[in-house]
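Participant: First, the structure itself, so that you have it in front of you.
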Amino acid sequence: MKNMSCNSVSDQPIKRNKPDWLRVKLPIGENYKHVRGLVDTHKLHTICESGNCPNMGECWGAGTATFMILGNVCTRSCGFCAVATGRPPELDWDEPQRVAEAIHLMKVKHAVITSVDRDELKDGGSTIWHNTIKAVKALNPDTTLETLIPDFKGKKDDIQRLIDAAPEVVSHNIETVERLTRQVRIQAKYWRSMEVIKTLKEGGMRTKSGIMLGLGETKEEVLQTLQDLKDNGCDVVTIGQYLQPTKRHLPVERFVHPNEFAEYREAGYQMGLDYVESGPLVRSSYHSERHVFAGLGRAEWERSKSGVPQL
């Protein structure tokens, strides 16, 4: 009988083929080409590219994009993220104005801004964040704005700078369930992120968070995470399928069926969440222009339950 070593086939990562519901159409259209050209010409950092977002074609085709500030090198090494980890460059204090001008140039009606983690900075980059929001609003007064922020190590003074700048939505992603947080978000903490959302809500912000599925979580854990988000003041939740960016990142444990995503959407609304965006290809900024409006998602859900056609 042959010895079975710890490196047996059963212990190797299983290659999983994407199901049909994860097939993405190639980006086409004049609007996509226009945005593609602007991003390349002005050397803009977008999380659409850095994060290998499957919706890039759809969103850029609609003339929208998610901008990433504070450089494109992160101080953290999350197991799911395609953004480079390392020593970030020096701060670019002109970046807020350049982002504002890019949004103006692209004629964006709703913009999403996110950033890498800058743990080496005393303020976590929150001053640049504040300046960027102010610059965008000054040059684009009719543009609504969502900010997808890091946890700033839970420092309330840094979070307050975001609140003072008053974007329409402030999002901070919980990413995964409590049990998997140490593995998925190596330098983050589940309850610290919940506290960030609570602080934002207490500051009067419309709050949002996102979860990835397919990393080994159970249904019960997903439901508990939704409940924890609701209990800590979260208004909007996005739920999508995790897709492995490279072989160096965490493997996909399973591809979650669209019917299960629909179950989580239903459960979230029943818990009292205001907007639940749930589906295999959903990402943080997907349909984010709709997440600005309080009551919109819940109203559509209630109409669907009553049999009244949606508007």
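Participant: Please go through the range 108-150 and give me each residue that is of a type in the set (Lys, Arg) and over 19 Å from Val292 (Cβ atoms), ordered by number.
Facilitator: Result: Arg118, Lys122.
Participant: Examine the range 133-152 for a residue that is surrounded by 21 or more Cβ atoms within 10 Å (Cβ to Cβ), among the charged types (D, E, K, R), under 28 Å from His287 (Cβ atoms) and within 22 Å of the chain's Cα centre (by Cα), and state whether such a residue exists.
Facilitator: yes
Participant: What is the number of the single condition among (1) in contact with a strand residue (DSSP E or B) (Cβ under 8 Å, 6 or more places away or on another chain); (2) under 19 Å from Arg265 (Cβ atoms); (3) open to solvent by 10 Å² or more (accessible area, probe 1.4 Å) that Ser209 does not meet?
Facilitator: Every listed condition holds for Ser209 apart from (3).
Participant: Starting from residues that are charged (D, E, K, R) and within 14 Å of the chain's Cα centre (by Cα), keep the ones in the range 277-304 and report whichever is least open to solvent (accessible area, probe 1.4 Å).
Facilitator: Looking at residues that are charged (D, E, K, R) and within 14 Å of the chain's Cα centre (by Cα), I get Glu277.
Participant: Go through the range 226-273 and give me each residue that's open to solvent by 20 Å² or more (accessible area, probe 1.4 Å) and among the hydroxyl-bearing types (Ser, Thr, Tyr).
Facilitator: Result: Thr246, single match.
Quick grid of which residues meet (1) under 17 Å from the mean Cα position of the chain (by Cα); (2) farther than 20 Å from Gly204 by Cα:
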| residue | (1), (2) |
| --- | --- |
| Pro96 | no, yes |
| Leu121 | no, yes |
| Asp164 | no, no |
| Pro167 | yes, no |
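Participant: Sort through Leu223, Leu162 and tell me the only one that's of a type in the set (A, V, I, L, M), at pLDDT 95 or above, buried (at least 16 other Cβ atoms within 10 Å of the Cβ) and within 15 Å of Val276 (Cβ to Cβ).
Facilitator: On inspection, the qualifying residue turns out to be Leu223.
The values are calculated or read from the model by the stated rules, or taken from the named source; none is laboratory data. Remember, predicted model here, so these are calculated numbers, not experimental data. Backbone-built Cβ (ideal geometry, glycine too); neighbour counts: all protein chains shown. Surface areas here come from the heavy atoms of the whole protein model, side chains and all, with no ligands, DNA or RNA. Shrake-Rupley method; radii C 1.70, N 1.55, O 1.52, S 1.80 Å.
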